[in-house]
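Okay, so here's the structure we're looking at.
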Amino acid sequence: MTALAAEPVAARMRQRTPSIEARTTENGQPFLFVAPADLVLLLTLLRDDEDLRFDALMDLTAYDLLKYPAKAPSDAICAVWLLWSHVHRHELMVQTHAARSDCRLPTTSGVWPAAIYFEREVFDLYGVHFDGHPDLRRIMCPQDWVGHPLRKDYVYPATYHGVSHLRDGQHFESQPAREAR
Amino acid sequence: MTVEATTPSGETMQLSMGPHHPATHGVLRIVVESDGEIVQNCTPDHGYLHRSIEKIGECVEWPMFVPYTDRVDYVCAMNANLAYCLAVERLLATDPATTVVVPRRAEVIRVLVAELNRISSHLIAVGAMAMDVGAYTPFLHGIAQRELVNDIFEKLCGQRLTYNYVTIGGVAFDLHHGAGDEIARFLDQFEREMVRFNRLLTTNAIFRDRCAGVAAVTRDEAIEWGLVGPNLRGSGVDFDLRRDVPYGVYGELGVRVPVGQCFAGRRGRQGDCYDRYVVRLLEINESVRLCREALKLLPPKAEKETDPIGGWQADVTKQLKKPPKGSVHCRTEAPRGEMGYFLVSDGTKTPWRVRVRTGSFSASGIFHKVMRGTFLADVVAIIGSFDVVVPEIDR
């Protein structure tokens, strides 16, 4: 496997970015957790450090923690950076949380320009505002769309510009599969 | 670029290409701001094909999402199936209690169909690129060969475009009777056909000069803008997930990786449209070789479909009802580059989050950068050379 162990990386970075924590997911995948304030500095350090050299952003995405059955329940949006080093051929996951009510994170498009598109997508689907992003517009949904569809509390709109989304007699439940379970 | 190509006063005109421009490979709109013939600015407008596939993933059970992956990229649906199924298998493998062992025969069949699909997908890519710059005939030659691949797949699983063939834990059906010979015959005649295709297009001086030096992406730019697959290799980065982070039986096959090295000669630059084109053609040759190697590796069919060697489908019903809680990330090399699935599971039979990372999405992120300063007529050549497939961008 090419995934780096998180603890040595965290120990190396702790002095510059004190909020860093090495954690593992429930199924044992290592990742670094960091506060939004330290995020950009940490990612820049990870990119430039000679032994780490994470020169490529594989993926940037998010998922909603609302009602997620974790040990410490949260309602935050969890944003995920998946990094890859073409030099050393290893990968690393970095996560941070954005508060649901004031959903803001600093932009990382200055670290890797690839993040410009990924952040637009996360903004569109999760409503995370990336401060300092050069072109933060919706990318999948129309610009005048209301709400952020991948949030777990998203309510399906019944109409768009006065046109109904429903056939006669059809109705949406707010969360089809979840509610049925 | 000549001075005459721009207007004297430097006034610009806004031109909306799409959403139904034939060269945009689907419904993609590109707003081009041009000064005479020179592109000053270009803004891609996405979302016309958004079908909320990631949202659907959160509403259906784990195996029910496989047919949707076909629609993520219908030009290489086998690879799209494979990417998702591998990710779910990797999630199951994070807990010893739910680990699935995919039968060896299924693993080899997966590589076989993935490489056949890569051939047909790259044929569309290079053919459509040629068509975009004005050479219509090579496209038809490519389509004719793709039909033969589709015929093989139709016999295999009943579908010609969206296969739903690779399943979690194996493949849906075993190879049909005589499939090995049929594929071997196809590969033999395909190689002869490619000689003709290359004489017609690849070594054609008009086509080569048309693409040489256009929209060159340097090695560092390609990495930091997140290009993947043939677009990345076209810029000279020697990286292929099949070789460097192998999955399935790719590790045994020894994948050889072509990279762009200024194939167009004196007028070209590394990472230009022609390099990306040639890398795809070389990858087709490599896929032909991998198909032949895979046929040699294929173990004989067993009686039982769950047999760990000669079977083709492990039993995963129980595991998928209660997969491990947590997340997993799995990357595969699809024809349009890295197709990565990031899955989050809450330990139930439906996923909590299904994230698809596709090659076309990040490729379209660099459009506005590479198109600035090129000729208006190059816009279609650039879109063609990056081989974007719009359903993959919009999902």
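Among the residues of this structure, residue A:124 counts as one that is buried (at least 18 other Cβ atoms within 10 Å of the Cβ), more than 8 Å from chain B (Cβ to nearest Cβ), charged (D, E, K, R) and under 20 Å from residue B:56 (Cα atoms). Of everything in the range A:56-86 that is touching an Asp or Glu at 6+ places or on another chain (Cβ under 7 Å) and not in a strand (DSSP E or B), the residue that is farthest from residue A:131 (Cα to Cα) is A:69. Answer yes or no as to whether residue A:96 is buried (at least 21 other Cβ atoms within 10 Å of the Cβ), at negative phi and under 17 Å from the mean Cα position of the chain (by Cα). It is true that residue A:96 is buried (at least 21 other Cβ atoms within 10 Å of the Cβ), at negative phi and under 17 Å from the mean Cα position of the chain (by Cα). The residues listed here are B:115, B:182, B:193; of these, the one that is within 16 Å of the chain's Cα centre (by Cα), among the acidic types (Asp, Glu) and either over 28 Å from residue B:312 (Cβ atoms) or assigned to a helix (DSSP H, G or I) (or both) is B:115.
The residue pairs whose first member lies in the range A:49-70 and is more than 7 Å from every other protein chain (Cβ to nearest Cβ) and closer than 19 Å to residue A:99 by Cβ, whose second member is in a strand (DSSP E or B) and among the small types (Gly, Ala, Ser), and whose beta carbons are closer than 6 Å, counting only pairs six or more residues apart or on different chains, are A:62/A:79.
State all residues of the range A:74-93 that are touching a residue at least 60 places away in the same chain (Cβ under 8 Å), surrounded by 15 or more Cβ atoms within 10 Å (Cβ to Cβ) and within 21 Å of residue B:226 (Cα to Cα); if no residue qualifies, say none.
Going through the range A:74-93, the residues touching a residue at least 60 places away in the same chain (Cβ under 8 Å) turn out to be A:77, A:89-93.
Restricting the remaining residues to those that are surrounded by 15 or more Cβ atoms within 10 Å (Cβ to Cβ) gives A:77, A:90-93.
Hits for the range A:74-93 are A:90, A:91, A:92, A:93.
Of the residues making up the range A:128-140, those that are crowded, with 17+ Cβ neighbours inside 10 Å and either of a type in the set (Asp, Glu) or within 9 Å of chain B (Cβ to nearest Cβ) (or both) number 3. Taking (1) farther than 27 Å from residue B:244 by Cα; (2) among the aliphatic types (A, V, I, L, M); (3) in contact (Cβ under 8 Å) with a residue 40 or more places away in the chain; (4) buried (at least 20 other Cβ atoms within 10 Å of the Cβ) in turn, residue A:13 satisfies each apart from (3).
Tell me the residue from B:87, B:93, B:106 that is of a type in the set (Gly, Ala, Ser), closer than 25 Å to residue B:325 by Cα, out of contact with any helix residue (DSSP H, G or I) (no Cβ under 8 Å at 6 or more places or on another chain) and touching a residue at least 24 places away in the same chain (Cβ under 8 Å), please. Selected residue: B:87, the only one of B:87, B:93, B:106 that is of a type in the set (Gly, Ala, Ser), closer than 25 Å to residue B:325 by Cα, out of contact with any helix residue (DSSP H, G or I) (no Cβ under 8 Å at 6 or more places or on another chain) and touching a residue at least 24 places away in the same chain (Cβ under 8 Å). Residues in the range B:231-247 that are in a loop (DSSP other than H, G, I, E, B) and either free of Cβ contacts under 8 Å to residues at least 12 places away in the same chain or surrounded by fewer than 20 Cβ atoms within 10 Å (Cβ to Cβ) (or both): 3 in all. Considering the range B:287-392, the qualifying strands (runs of 3 or more DSSP E), each wholly inside and each with 2 or more residues that are of a type in the set (D, E, K, R), within 19 Å of residue A:80 (Cβ to Cβ) and in contact (Cβ under 8 Å) with a residue 60 or more places away in the chain, run over B:351-357.
Conditions (1) surrounded by 24 or more Cβ atoms within 10 Å (Cβ to Cβ); (2) within 14 Å of another protein chain (Cβ to nearest Cβ), marked per residue:
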site: B:59; (1), (2): no, yes
site: B:72; (1), (2): yes, yes
site: B:79; (1), (2): yes, no
site: B:88; (1), (2): yes, yes
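Determine, yes or no, whether residue A:36 is more than 14 Å from every other protein chain (Cβ to nearest Cβ), loosely packed, with under 14 Cβ neighbours inside 10 Å and either modelled with pLDDT under 85 or in contact with a strand residue (DSSP E or B) (Cβ under 9 Å, 6 or more places away or on another chain) (or both). Talk me through it step by step, then tell me what you get.
Numbers: more than 14 Å from every other protein chain (Cβ to nearest Cβ): yes; loosely packed, with under 14 Cβ neighbours inside 10 Å: no; either modelled with pLDDT under 85 or in contact with a strand residue (DSSP E or B) (Cβ under 9 Å, 6 or more places away or on another chain) (or both): yes.
Answer is no for this residue.
So is residue A:118 modelled with pLDDT of 90 or more, at the interface with another protein chain (Cβ under 9 Å from one of its Cβ atoms) and under 11 Å from the mean Cα position of the chain (by Cα) or not?
On the way: modelled with pLDDT of 90 or more: yes; at the interface with another protein chain (Cβ under 9 Å from one of its Cβ atoms): yes; under 11 Å from the mean Cα position of the chain (by Cα): yes.
The answer is yes for residue A:118.
Among residues that are in a helix (DSSP H, G or I) and either crowded, with 23+ Cβ neighbours inside 10 Å or basic (Lys, Arg) (or both), residue A:41 is not included.
Residue B:329 meets the conditions (1) in contact with a strand residue (DSSP E or B) (Cβ under 7 Å, 6 or more places away or on another chain); (2) modelled with pLDDT under 90 in every case but one. The failed one is (2).
Selection of the range B:266-292 for residues being under 18 Å from residue B:123 (Cβ atoms) and small (Gly, Ala, Ser) yields only B:287. If the condition is being in contact with a Cys (Cβ under 8 Å, 6 or more places away or on another chain) and buried (at least 18 other Cβ atoms within 10 Å of the Cβ), then the range B:32-49 contributes B:32, B:47. Cβ separations smaller than 6 Å between residues 6+ apart or across chains give the following pairs from the range B:216-230 residues that are more than 19 Å from residue A:109 (Cβ to Cβ) to residues that are among the polar types (S, T, N, Q): B:219/B:235.
Restricting attention to the range A:44-65, does a residue exist that is farther than 30 Å from residue B:240 by Cα and either among the acidic types (Asp, Glu) or under 14 Å from the mean Cα position of the chain (by Cα) (or both)? Steps first, answer last, please.
Filtering the range A:44-65 down to residues farther than 30 Å from residue B:240 by Cα leaves A:64-65.
Now restrict to residues that are either among the acidic types (Asp, Glu) or under 14 Å from the mean Cα position of the chain (by Cα) (or both): A:64-65.
Yes.
When residues in the range B:333-380 are screened for being polar (S, T, N, Q), surrounded by fewer than 24 Cβ atoms within 10 Å (Cβ to Cβ) and more than 10 Å from chain A (Cβ to nearest Cβ), 1 of them pass. Candidates in the range A:99-113 are the residues that are in a loop (DSSP other than H, G, I, E, B) and within 14 Å of the chain's Cα centre (by Cα); of these, the one that is surrounded by the most Cβ atoms within 10 Å (Cβ to Cβ) is A:108. Do we find a residue being buried (at least 18 other Cβ atoms within 10 Å of the Cβ), hydrophobic (A, V, I, L, M, F, W, C) and within 30 Å of residue B:348 (Cβ to Cβ) anywhere in the range A:62-73? Taking every residue of the range A:62-73 in turn, at least one turns out to be buried (at least 18 other Cβ atoms within 10 Å of the Cβ), hydrophobic (A, V, I, L, M, F, W, C) and within 30 Å of residue B:348 (Cβ to Cβ).
Return the total of residues in the range B:264-286 being over 22 Å from the mean Cα position of the chain (by Cα) and either in a loop (DSSP other than H, G, I, E, B) or crowded, with 18+ Cβ neighbours inside 10 Å (or both). Steps first, please.
Narrowing the range B:264-286 to residues over 22 Å from the mean Cα position of the chain (by Cα): B:264-269.
So of that shortlist, the ones also either in a loop (DSSP other than H, G, I, E, B) or crowded, with 18+ Cβ neighbours inside 10 Å (or both) come out as B:264, B:268-269.
Going through the range B:264-286 one residue at a time, the tally reaches 3.
The values are calculated or read from the model by the stated rules, or taken from the named source; none is laboratory data. Since the structure is predicted, the reported quantities are computational estimates derived from the model, not experimental observations. Please note: Cβ atoms are built from the backbone with ideal geometry, for glycine as well, and neighbour counts cover all protein chains shown.
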